[in-house]
There are 2 protein chains.
Amino acid sequence: MGIIRKTKSVKTLLNEFNKNSSAISVTELITRLNSKFNKTTIYRVLDKLEDDGVLHSFLGKNGLKWYAKCNGCTADNHSDVHPHFQCLDCGKVDCLSINITLPKIPNRKIDLAQFLIQGQCDECLT
Amino acid sequence: MGIIRKTKSVKTLLNEFNKNSSAISVTELITRLNSKFNKTTIYRVLDKLEDDGVLHSFLGKNGLKWYAKCNGCTADNHSDVHPHFQCLDCGKVDCLSINITLPKIPNRKIDLAQFLIQGQCDECLT
DNA sequence: AATATAATGCAACATAGTTGCAATAAAAAA
DNA sequence: TTTTTTATTGCAACTATGTTGCATTATATT
């Protein structure tokens, strides 16, 4: 699939991700935009933006889905494999620009990896 | 909290994890045992077994909760930090006995880390 | 055997996410 | 510009995972 039309919801969602560089959870987006868009629309647009290589998704605390801007991904190749850091105090999630080396595993084919690190962010530490 | 009484549900659940060494999802356990125990009981007993350092939990595909036997953990110290491998074909999840080195992150305190690797297991590859 | 209280079942609830379908809006064609 | 095509949206209803309060039951202690 992927995005075909530049609709209001697409522009608004992209704008949310351009405001700052942190990742945003789907529930947060639904809360922020629920006066303008139905949650079904938000789920569907995020899905398509991920297909297009504009956003990437991952699971945070409690298995909640988060999205963040991709960096050098295309619709065909999601090259973004980096750890994510979630603060257990404030809940904020950031992408860590660290290259992780996947362990060698015999007799298995690795397709993707998710690495979630949890702790306290700089703001909550002080 | 933690387990205080050796009840039927505790014994049955421990037995499920002793049958083989794979991890088991909560939904799978509820399906297997739903004629014997209420799902609330299953959630609560798993929770307590984790508190006791008998089981550890992690999130698999789609944010579903999985449990597996701990190896050398106590109630005070969950020392198990290893990657998990989930087969995208058959859904099976295994603990990988690999030591992962957490990346150094400035200005952040690391409490825990989850590393989920997805792909195809040996059985589904052939 | 009597007592204290941990554990259980049940119903009701909370929340994340999905689906089908009719209505609407964006882009292409006329 | 107007018409036509069809992608997108909103809505309601639904599924699934997980949680909570409370009365009942079972375990362990006295």
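Of the residues B:L64, B:L29, B:L49, B:L59, the single one that is over 29 Å from A:L112 (Cβ atoms) and within 15 Å of the chain's Cα centre (by Cα) is B:L49.
Among residues of the range A:117-126 being open to solvent by less than 50 Å² (accessible area, probe 1.4 Å) and more than 17 Å from A:K65 (Cβ to Cβ), the one that is farthest from the other protein chains (Cβ to nearest Cβ) is A:C124. Picking from residues in the range B:40-52 that are part of a helix (DSSP H, G or I) and among the acidic types (D, E), the one that is farthest from DNA strand D (Cβ to nearest atom) is B:D51. From the set of residues in the range A:61-77 that are surrounded by fewer than 18 Cβ atoms within 10 Å (Cβ to Cβ) and in contact with a helix residue (DSSP H, G or I) (Cβ under 8 Å, 6 or more places away or on another chain), which is modelled with the lowest pLDDT? Selected residue: A:A75.
Pairs are defined by a Cβ separation below 8 Å, a sequence spacing of at least 6 or placement on different chains, a first member in the range A:90-110 that is part of a strand (DSSP E or B), and a second member that is aliphatic (A, V, I, L, M); the pairs so defined are A:V93/A:A23; A:V93/A:A68; A:D94/A:A23; A:C95/A:A23; A:C95/A:A68; A:K109/B:L125; A:I110/A:L102; A:I110/B:I117. I'd like to know if the range B:56-74 contains one or more residues that are within 14 Å of DNA strand C (Cβ to nearest atom) and more than 14 Å from chain A (Cβ to nearest Cβ). Checked the range B:56-74: no residue is within 14 Å of DNA strand C (Cβ to nearest atom) and more than 14 Å from chain A (Cβ to nearest Cβ).
Entry remark, the range B:4-39: residues being part of a helix (DSSP H, G or I) and of a type in the set (K, R) number 5 in total.
Exactly one residue out of A:F37, A:F58, A:F17 is within 11 Å of DNA strand D (Cβ to nearest atom), aromatic (F, W, Y) and surrounded by 17 or more Cβ atoms within 10 Å (Cβ to Cβ), and it is A:F37. Quick one: B:H82 ticks every box in (1) facing chain A (nearest Cβ under 8 Å); (2) closer than 21 Å to B:S21 by Cα except a single one, so which number is it? So the condition that B:H82 fails would be (1). Say whether the condition of being buried (at least 16 other Cβ atoms within 10 Å of the Cβ), more than 11 Å from DNA strand D (Cβ to nearest atom) and not polar (S, T, N, Q) is met by at least one residue in the range B:3-11. There is no residue in the range B:3-11 that is buried (at least 16 other Cβ atoms within 10 Å of the Cβ), more than 11 Å from DNA strand D (Cβ to nearest atom) and not polar (S, T, N, Q). Once the range B:84-116 is narrowed to residues that are more than 22 Å from A:G63 (Cα to Cα) and out of contact with any Leu (no Cβ under 8 Å at 6 or more places or on another chain), the residue that is least open to solvent (accessible area, probe 1.4 Å) is B:I98. Select from the range A:19-51 the residues that are touching a residue at least 12 places away in the same chain (Cβ under 8 Å) and among the polar types (S, T, N, Q) and write down the one among them that is nearest to A:V93 (Cα to Cα). Taking the candidates together, the pick is A:S22. When A:I24, A:I100 are screened for being within 11 Å of another protein chain (Cβ to nearest Cβ), more than 14 Å from DNA strand D (Cβ to nearest atom) and either on the phi < 0 side of the Ramachandran plot or aromatic (F, W, Y) (or both), only A:I100 passes.
The values are calculated or read from the model by the stated rules, or taken from the named source; none is laboratory data. Predicted, not measured: the structure shown is a model, and the values here were computed from it. Positions of Cβ are backbone-derived with ideal geometry, glycine not excepted, and every protein chain shown enters the neighbour counts. Please note that ligands, DNA and RNA were not included when accessible areas were found on the heavy atoms of the full protein model with its side chains. Shrake-Rupley method; radii C 1.70, N 1.55, O 1.52, S 1.80 Å.
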